[in-house]
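The values are calculated or read from the model by the stated rules, or taken from the named source; none is laboratory data. As the structure is a prediction and not an experimental result, all values here were calculated from the model. Please note: Cβ atoms are built from the backbone with ideal geometry, for glycine as well, and neighbour counts cover all protein chains shown.
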Amino acid sequence: MTRLMLGRTLERICKGVLLLCVLHFLIMMILYFDVYSQRFDLFSRFNNGRNGSRSNLSGAAAGGHHYYYYNLSRPNATLASLLATGRQLVPSTEPDNTQAPSPKPLPPCPENPPGLVGRLLIEFSSQMTMEQVQKENPNVTEGGRYTPPDCRPRWKVAIIIPFRHRENHLKYWLHYLHPILRRQKMDYGIYIINQLGEETFNRAKLLNVGYAEALKDGEYDCFIFSDVDLIPMDDRNLYHCYDQPRHFAIAMDKFGFRLPYAGYFGGVSGLSKKQFLKINGFPNEYWGWGGEDDDIYNRITLNGMKVSRPDNHIGRYRMIKHTRDKHNEPNPQRFHKIRNTKNTMKTDGINSLTYRLVQVKKYPLFTNISVEIGKPPPRPIKG
Ligand code: BGN
């Protein structure tokens, strides 16, 4: 009997010891992992101080961890937005003996952005309001500016649109182009150059004004000049600059999706700042319709450059149908003028540009620049 009782007591003691062992083991495990995770953080901070930390950046950007190395408490601030604006990340007030961490620089944007979709369906029948177009593009910032949040674009592109009384076309243009440019990972701003008054329209002079005014607003190194009624039908037609001046609108529906002639440079074109200055910008003296694009083509070839173009199936465009504008009649002097580009280009261009700036207004999806650019000189009296 006593032996039996002794046996039971021993068994209970053994169970108790075993339980204590398990408990001890569990506590040890908890402590071990706690310390380990702290060490892990410690290492990531250490790495970060040296060469930036992938885990910290992505963790904070995903919002999943309580990293305390950057102050992201500014309202609405995300790491991506901070990086996009180029603002310095503020180190936290936590004592930290290592050097202030520098954010990992963004990778260059891919040459062929993976989000492109290729051929697009473009149509102008649906009714839309500017408010709807604004809602479609919440990440475009005031004045029609956009920078990709996840990569470093190669060019800073100002898109210049000569304009008068075409509000309806502008709506479609913004509706189609903002999403395309975003998929193309462009860093860009949209500038509408509005010719005030009812004097004869002067497209090329407005383009020169756009170049000058955009440079007051940002450090652009690439300028794309687009008519407001031309919509690209393929987002692989990348709106940036190239080694040679670029002609984008090479296959318009109104010309049967072909170049109307070999030297055509109208519709949508793009020049880097260097290329633009090399040709002294565009002519200011083409009043009315026609010839100014041919003069620009002449300037390019006369200055030893060539026009570069996309493939025919990529450079397709739809033009919004419209009646001929008032005060933009064909310019009878254009035939004579385009034969004289060699003589006129040195004195007529960005170096001789004068205009009166009346208003610069930043809208959510574009910057509107209203200017007075004067009127054509009086025609010489014959005889
Ligand atoms: C050309 C115009 C261009 C215009 C294209 C397409 C001239 C100059 C005299 C030949 N050039 O004929 O300005 O972009 O047609 O419409 O008129």
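With respect to residue 261, determine if the residue is more than 20 Å from residue 206 (Cα to Cα), within 13 Å of the ligand (Cβ to nearest atom), assigned to a loop (DSSP other than H, G, I, E, B) and among the aromatic types (Phe, Trp, Tyr). It is true that residue 261 is more than 20 Å from residue 206 (Cα to Cα), within 13 Å of the ligand (Cβ to nearest atom), assigned to a loop (DSSP other than H, G, I, E, B) and among the aromatic types (Phe, Trp, Tyr). Figure legend. Inter-residue proximity from segment 364-383: first residues under 14 Å from residue 333 (Cα atoms), second residues surrounded by 10 or more Cβ atoms within 10 Å (Cβ to Cβ) and hydroxyl-bearing (Ser, Thr, Tyr), beta-carbon distance below 6 Å, spacing 6+ or different chains. Indicated pairs: 376/200.
Of all residues in segment 302-312, one or more are more than 27 Å from residue 185 (Cβ to Cβ), more than 14 Å from the ligand (Cβ to nearest atom) and not small (Gly, Ala, Ser).
Of everything in segment 244-258 that is buried (at least 21 other Cβ atoms within 10 Å of the Cβ) and not in a strand (DSSP E or B), the residue that is farthest from the ligand (Cβ to nearest atom) is 245. For segment 347-372, how many residues are within 14 Å of residue 207 (Cα to Cα) and touching a Lys or Arg at 6+ places or on another chain (Cβ under 9 Å)? The total comes to 8. Within segment 287-329, restricting attention to residues that are touching a residue at least 24 places away in the same chain (Cβ under 8 Å) and at positive phi, the residue that is surrounded by the most Cβ atoms within 10 Å (Cβ to Cβ) is 291.
Cβ separations smaller than 7 Å between residues 6+ apart or across chains give the following pairs from segment 130-151 residues that are over 23 Å from residue 113 (Cβ atoms) to residues that are surrounded by fewer than 17 Cβ atoms within 10 Å (Cβ to Cβ): 142/362; 143/362.
Among what's in segment 341-355 and is of a type in the set (Val, Ile, Thr) and in contact with a Leu (Cβ under 9 Å, 6 or more places away or on another chain), pick the residue that is surrounded by the fewest Cβ atoms within 10 Å (Cβ to Cβ). Of everything passing the filter in segment 341-355, 350 is surrounded by the fewest Cβ atoms within 10 Å (Cβ to Cβ). Only one entry of 220, 242, 188 meets the criterion of being more than 20 Å from residue 322 (Cα to Cα), touching a residue at least 60 places away in the same chain (Cβ under 8 Å) and touching a helix residue (DSSP H, G or I) at 6+ places or on another chain (Cβ under 8 Å), and that entry is 220.
A quick yes/no check of all residues on (1) part of a strand (DSSP E or B); (2) under 30 Å from residue 348 (Cβ atoms); (3) in the same structural domain as residue 366 (by TED's automatic domain parsing):
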| position | (1), (2), (3) |
| --- | --- |
| 148 | no, no, yes |
| 160 | yes, yes, yes |
| 175 | no, no, yes |
| 208 | no, yes, yes |
| 212 | no, yes, yes |
| 216 | no, yes, yes |
| 224 | yes, yes, yes |
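Within segment 332-353, the set of residues being touching a residue at least 24 places away in the same chain (Cβ under 8 Å) and of a type in the set (Val, Ile, Thr) comprises 338, 341, 344, 350. Among the residues of segment 331-345, none qualifies, meaning not one is in contact with a helix residue (DSSP H, G or I) (Cβ under 6 Å, 6 or more places away or on another chain) and under 20 Å from residue 180 (Cβ atoms). Here segment 276-286 is the region considered, the condition is being over 23 Å from residue 330 (Cα atoms) and surrounded by fewer than 21 Cβ atoms within 10 Å (Cβ to Cβ), and the residue that is nearest to the ligand (Cβ to nearest atom) is 280.
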